[in-house]
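For reference, the structure discussed in these notes is given below.
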């Protein structure tokens with residue numbers, strides 16, 4: 001007879017925590033729906049060709065109906081289809097931005113925090129330079145310099161984003177570096193690379209996971225903002241920010257051009273924020289669940 | 001002589017924190033290093049490990065040899081091979097000496113593999129070592145936070161045994177444990193000395209423990225060794241004023257400090 005292992009108990013605790021936390025559940029459900037939409041877009045969308053360069057001269061600016069649940073745009077493209085495909089673009093951009101930012105910021109932060117001293121100073125002063133400007137402004141500037149395209153928008157946002165992760169990782173690594181097992185590892189002859197990769201990094205991850213999930217909403221908003229200003233995705237890419245931008249001149253008469261992609265942006269950002277908040281509550285053992 | 005320290009000086013910037021003329025440790029000997037906090041005991045141990053730099057200190061001169069091999073100012077890659085394999089160190093807070101994310105067994109196997117053991121050798125050495133410290137083999141399935149302080153310290157010692165370390169640097173290994181567990185750990189250290197001929201540098205501010213365990217004792221104050229000799233002699237009839245004060249400061253049962 002084997003007693004239930006601690007890992008089982010932890011999984012169970014996590015499940016209970018998710019159930020008790022309606023915000024997290026709501027956020028997670030919406031986020032999952034979004035992922036599903038992105039993955040299944042070609043199967044679910046009624047007019048897949050409308051995500052591309054298709055034009056339908058006979059179906060321009062139709063109001064929402066059974067055939068076109070979200071209406072059609074100025075080229076006669078089905079907005080519902082484009083919003084679904086937009087989930088692909090938004091999630092793709094967000095995933096890439098976060099991955100690049102983490103890939104740059106976390107290693108630099110871990111190195112700075114673990115070694116301290118001169119290296120720490122150099123890395124942190126560089127992040128200070130980046131953090132001196134608002135992230136959106138910095139992303140705008142880089143997007144302008146790099147030229148307007150989806151790929152450049154990803155790079156521009158990542159450049160503005162990584163210093164946050166560098167800071168966060170540095171703080172975590174610095175506190176982990178002072179813990180007993182790091183000293184014990186040194187006394188066992190563990191090398192620097194292994195120390196950082198196997199011991200410092202994994203013990204610094206929890207707040208990073210929370211932060212990344214909270215930031216997803218912000219990245220989606222920033223990407224939409226860039227596209228809205230014409231510095232991100234270009235037509236015919238079904239990007240939500242771009243769709244809002246293109247639809248705004250029709251807003252007073254054809255409200256659906258702006259409303260549905262706008263709602264999609266809002267829902268997505270909110271979902272990630274809720275999920276991130278919920279994750280923080282679950283992963284932070286010091287936080288007492290009050291409900 | 002397994003460990004020899006000669007004219008060792010360690011500096012924090014311009015301030016000299018350790019200045020030891022000579023300190024020797026023989027195979028099969030337990031040498032106590034006693035003294036109050038900040039007297040340079042731990043710094044001396046770190047110097048032997050070649051780890052002074054991580055606390056911002058620097059060995060400014062002197063020589064430390066283990067098995068006739070010079071350790072001062074050697075390349076870190078060379079020292080890494082000696083750390084753990086020839087010299088092991090155990091610490092005051094045993095539970096936090098284990099990375100909480102790994103099972104104890106993984107830590108054992110990794111450490112042994114790091115020093116060149118094959119997978120099967122590593123497993124065999126770990127098994128023998130656990131027997132030697134009288135812990136069940138399934139202890140390796142546990143995670144660090146599932147261990148008591150005494151178990152964790154036994155495991156730390158078992159790791160040193162598994163790695164076939166010749167020198168054990170024990171930095172206040174019993175200070176965080178309660179008295180009954182303390183006794184078990186001291187017995188264990190004594191057994192390792194008797195069975196394997198391990199040389200132990202036992203750092204402690206607890207004179208009662210030092211008197212019970214150690215063959216020789218060096219008393220440190222402000223980075224210098226102020227008295228050295230057989231522990232019974234040093235602690236029962238100290239010649240140095242400071243040692244006398246230190247001995248007198250130990251509260252005894254039935255007496256009350258005035």
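Any read-out appearing in this document is the output of simple, stated calculations on the displayed coordinates, not a laboratory observation. All values derive from a computational prediction rather than experimental measurement. Counting neighbours? That spans all protein chains shown, and the Cβs are built from the backbone with ideal geometry, glycine included.
How high is the relative contact order of segment A:54-123, given as a whole-number percent (alpha carbon pairs under 8 Å, six or more residues apart)?
Reported as a whole number, the value is 17 percent.
Report the Rg/Rh value for segment A:130-282, based on alpha-carbon coordinates and the Kirkwood definition of Rh.
Ratio value, two decimals: 1.14.
Taking 0.36 nm per residue of separation and subtracting the Cα-Cα distance, what length does fully extending residue B:195 through residue B:164 add? If you can, show how the numbers build up before the last one.
Numbers: separation 31, 0.36 × 31 = 11.16 nm, distance 1.25 nm.
9.9 nm is the gain from fully extending residue B:195 to residue B:164.
For B:103, B:252, B:41, which order do you get if you count the other beta carbons within 10 Å of each Cβ and list the fewest first?
Working: B:103 17, B:252 9, B:41 25.
Going from sparsest to densest Cβ surroundings: B:252, B:103, B:41.
So for segment A:52-186, considering every pair of alpha-carbon atoms, how many percent are separated by more than 18 Å?
67
Output the antiparallel fraction of DSSP beta bridges having both residues in the protein assembly as shown, as a percent to the nearest 5.
Antiparallel bridges make up about 55 percent of those DSSP assigns within the protein assembly as shown.
I'd like to compare A:21-34, B:68-81: which one has the highest average count of other Cβ atoms within 10 Å, and what's the full order after that? It would help to have the intermediate numbers written out before the result.
Details: A:21-34: 16.9, B:68-81: 13.4.
Top of the packing list down: A:21-34, B:68-81.
Quick one: angle between helix A:150-177 and the longest Cα principal axis of chain A, in degrees between 0 and 90, rounded to 10, please.
20
Would you kindly give the portion of the calculated P(r) for the protein assembly as shown that falls above 43 Å, as a percent of all Cα pairs? Intermediate results must be reported in sequence, preceding the final value.
Details: 60131 of 150426 pairs.
Roughly 40 percent, rounded to a whole number.
Taking a ≥ b ≥ c as the square roots of the Cα gyration tensor eigenvalues, with a/c under 1.5 meaning rounded and otherwise prolate when a/b beats b/c, else oblate, which class fits chain A?
oblate
Take peptide A:175-184, look around each residue's Cβ out to 10 angstrom, count Cβ atoms belonging to other protein chains, and average those counts.
6
Let's test the formula: R0 of 41 Å, r as the Cβ-Cβ distance of residue A:250 and residue A:16. What FRET efficiency results, to the nearest 0.05?
Here the calculated transfer efficiency is 0.25.
Just grab the label-to-label distance for residue B:11 and residue B:141, each label 7 Å out from Cα along the Cβ direction, in nm (one decimal).
5.5
Counting other beta carbons within 10 Å of each Cβ, put B:236, A:199 in order, fewest first.
Lowest to highest Cβ neighbour count: B:236, A:199.
Tell me the relative contact order for chain A as a rounded percent, counting alpha carbon contacts under 8 Å between residues six or more apart.
Across chain A, relative contact order equals 24 percent.
What value, in deg cm²/dmol to 500, does the helix sum -39500 (n - 2.57) over DSSP H runs of n ≥ 4 give at 222 nm once divided by the residues of chain B?
-11000 deg cm²/dmol
Helix A:135-146 against the longest principal axis of chain A: what's the angle in degrees, Cα atoms only, rounded to the nearest 10?
70
Can you compute the helix-only [θ] at 222 nm over chain A? Use -39500 (n - 2.57) per DSSP H run of at least 4 residues, normalise by all residues, nearest 500 deg cm²/dmol.
The helix-only estimate for chain A comes to -24000 deg cm²/dmol at 222 nm.
Across peptide B:85-91, how many C-beta atoms of other chains are within 10 Å of each residue C-beta, on average?
Partner-chain Cβ atoms within 10 Å, mean over residues of B:85-91: 3.
Evaluate the distance, in nm, between pseudo-label points positioned 7 Å from the Cα of residue B:118 and of residue A:25 along their respective Cα→Cβ axes.
5.5
Within 10 Å of each Cβ of A:131-139, how many other protein chain Cβ atoms are there on average?
Other-chain Cβ atoms within 10 Å of each residue's Cβ, averaged: 0.
Quick check: pseudo-label points 7 Å beyond the Cα along Cα→Cβ at residue B:250 and residue A:55, how many nm apart are they?
Result for the modelled spin labels: 9.6 nm.
For a label point 7 angstrom out from the Cα of residue A:103 toward its Cβ, which stretches of segment A:214-233 have the backbone nitrogen within less than 16 Å?
In segment A:214-233, the label zone of residue A:103 (backbone N under 16 Å from the point 7 Å along Cα→Cβ) covers no residue.
Quick one: Cα centre-to-centre distance for segment A:125-157 and segment A:65-83, in angstrom?
Each part's Cα centre sits 33 Å from the other's.
Using R₀ = 60 Å, calculate the FRET efficiency as 1/(1 + (r/R₀)^6) where r is the Cβ-Cβ separation of residue B:128 and residue A:263; round to 0.05. The partial results should precede the final answer.
Values: r = 67 Å, r/R0 = 1.11.
Taking R0 as 60 Å, the efficiency between residue B:128 and residue A:263 is 0.35.
Angle between the Cα long axis of helix B:119-132 and the longest principal axis of chain B, 0 to 90 degrees, nearest 10?
50
Taking every pair of distinct Cα atoms and averaging 1/r, then inverting, what Kirkwood hydrodynamic radius in Å comes out for chain B?
It is 18.9 Å.
What percent do you get for the relative contact order of chain B when only Cα pairs under 8 Å and 6+ apart count?
Answer for chain B is 27 percent.
For residue A:270 and residue A:67 in one chain, what is 0.36 nm times their gap in residues minus the Cα-Cα distance, to one decimal in nm? Could the numbers behind the result be given before it?
Working: separation 203, 0.36 × 203 = 73.08 nm, distance 2.87 nm.
So the chain would gain 70.2 nm between residue A:270 and residue A:67.
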